[in-house]
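Colleague: Okay, here's the structure, questions in a sec.
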Amino acid sequence: MSKQPLTLYLAAPRGFCAGVDRAIKIVEMAIEKWGAPVYVRHEIVHNKFVVDGLREKGAVFVEELSECPDDRPVIFSAHGVPKSVPNAAQARNMVYVDATCPLVSKVHIEAQRHADAGLQMIMIGHEGHPETVGTMGQLPAGEVILVEVPEDVAKVEVRDESKLAYVTQTTLSIDDTADVVAALQERFPQIVGPHKEDICYATTNRQEAVKAIAPKCDAMLVVGAPNSSNSKRLVEVGSRAGCAYAQLVQRAEDIDWRALDGITSIGITAGASAPEVLINEVIDAFKARYDVTEELVETAVENVEFKVPRVLRETA
């Protein structure tokens, strides 16, 4: 039986960003330097395949520092941690390596700088997300007010309307964040924003690539984990940009083929913590069922690289 023709639009950039790449490298180099086990507080990046692969190499993933022994190295995830975590590790004389993405660290520094200047902080982010918890934890409890949607801005109670600043989670939807920023600026005209956009280059680039392919596709699949903020945002961006069916899949086995019945074009992209091997797995699944014509839609070229911490670059 001949296969149905299908045009597959492959978004670029997609998949791993420099911060994720660096975080994974940090765990691998730590295992190489200190031997297994190496403890990691929280999933190093939000991807089960990546986490399972590192676990096999000797990484032990825990949620709290209290679950780690004093005598083994511990790594903090790419999402960042509250200040209390490295402070507790120091108090226990632990060897620790901070794998926080440098772009998240930039937001941490920004929040501290504004607080030092006497400004109260408002953070645009998702409640409970590790990055939001880490950023809010840079300042004393209650010093950072969290807002998620424009409607939250009306309910905010501040100390002094003339002494405010805002920061944002790095993995948000650019468009959603713009709406919240507009609401903040309308209610608090003197609020101070970041020198440079907090939403990271990789989040922005992946969302722009999705906007470019969404109108061409009958359906779109985003390869990523259900707890990955930037992956979930890509699904939302795809739907808004005109794709009738946009879904998140972790692996090829998660594809709902019945929902895709009758399509003639599909868009494929991946969140910043999804490895290329999983993207190829999904593409191969389509090639097995359809007569695929592949088209790359590239909206930006990324050549960012972040160095790993010095402690890992030094040989034992």
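Colleague: Exceeding 27 Å between C-alpha atoms, which entries from my cross-link table qualify? They are K163/K232; K211/K287; K83/K211; K196/K216; K33/K307.
Modeller: On the way: K163/K232 33 Å; K211/K287 24 Å; K83/K211 37 Å; K196/K216 32 Å; K33/K307 17 Å.
With Cα atoms farther than 27 Å apart: K163/K232; K83/K211; K196/K216.
Colleague: Compute the length gained on full extension between E197 and A154: take 0.36 nm times their separation in residues and subtract their Cα-Cα distance, giving the result in nm to one decimal. Show your work: numbers first, answer last.
Modeller: Details: separation 43, 0.36 × 43 = 15.48 nm, distance 2.31 nm.
Taking E197 through A154 to full extension adds about 13.2 nm, to one decimal.
Colleague: For the range 194-201, what does the Karplus curve 6.51 cos²θ - 1.76 cosθ + 1.60, with θ = phi - 60°, yield as ³J(HN,Hα) per residue in whole Hz, taken in order and with x for Gly and Pro?
Modeller: Taking θ as phi minus 60°, the curve returns x, 4, 10, 2, 6, 5, 6, 4 Hz for the range 194-201.
Colleague: Something else: Report, to one decimal in Å, the Kirkwood hydrodynamic radius for the range 103-187 based on all distinct Cα pairs. Let's see the in-between values first.
Modeller: On the way: mean 1/r = 0.0780 Å⁻¹.
One decimal place: 12.8 Å for the Kirkwood radius.
Colleague: With θ taken as phi - 60° and the coefficients 6.51, -1.76 and 1.60, list the Karplus ³J(HN,Hα) couplings across the range 50-67 in order, rounded to whole Hz; mark glycine and proline as x.
Modeller: Along the range 50-67, the couplings run 5, 4, 4, x, 6, 4, 5, 7, x, 8, 10, 9, 10, 8, 10, 4, 4, 7 Hz.
Colleague: With runs of 4+ DSSP H residues as the only contributors, calculate the mean residue ellipticity of the chain at 222 nm using -39,500 (n - 2.57) per run, divided by the residue total and rounded to the nearest 500.
Modeller: Numbers: 11 runs with 118 residues, N = 316.
Here the helix-only value at 222 nm equals -11000 deg cm²/dmol.
Colleague: What size of dipole, in debye to the nearest 20, comes out for the range 83-147 about its Cα centre when the only charges are +1 on Lys and Arg C-beta atoms and -1 on Asp and Glu C-beta atoms?
Modeller: Numbers: 4 positive and 6 negative charges, 35 e Å.
Magnitude of the dipole: close to 160 debye.
Colleague: Non-local amide H neighbours of V249 (under 5 Å, H modeled in plane, Pro and chain starts lacking H): which ones?
Modeller: V222, V223, G224
Colleague: Could you give each residue of the range 134-148 its phi-based ³J(HN,Hα) in whole Hz, using Karplus coefficients 6.51, -1.76, 1.60 with θ = phi - 60°, and x for Gly or Pro?
Modeller: x, 5, 5, x, 6, 10, x, 3, x, 7, 10, 9, 9, 10, 10
Taken together, the values in this text are just the output of simple stated rules run on the coordinates, not laboratory data. Since the structure is predicted, the reported quantities are computational estimates derived from the model, not experimental observations. With ideal geometry, Cβ positions are generated from the backbone for all residues, glycine too; neighbour counts draw on all protein chains shown.
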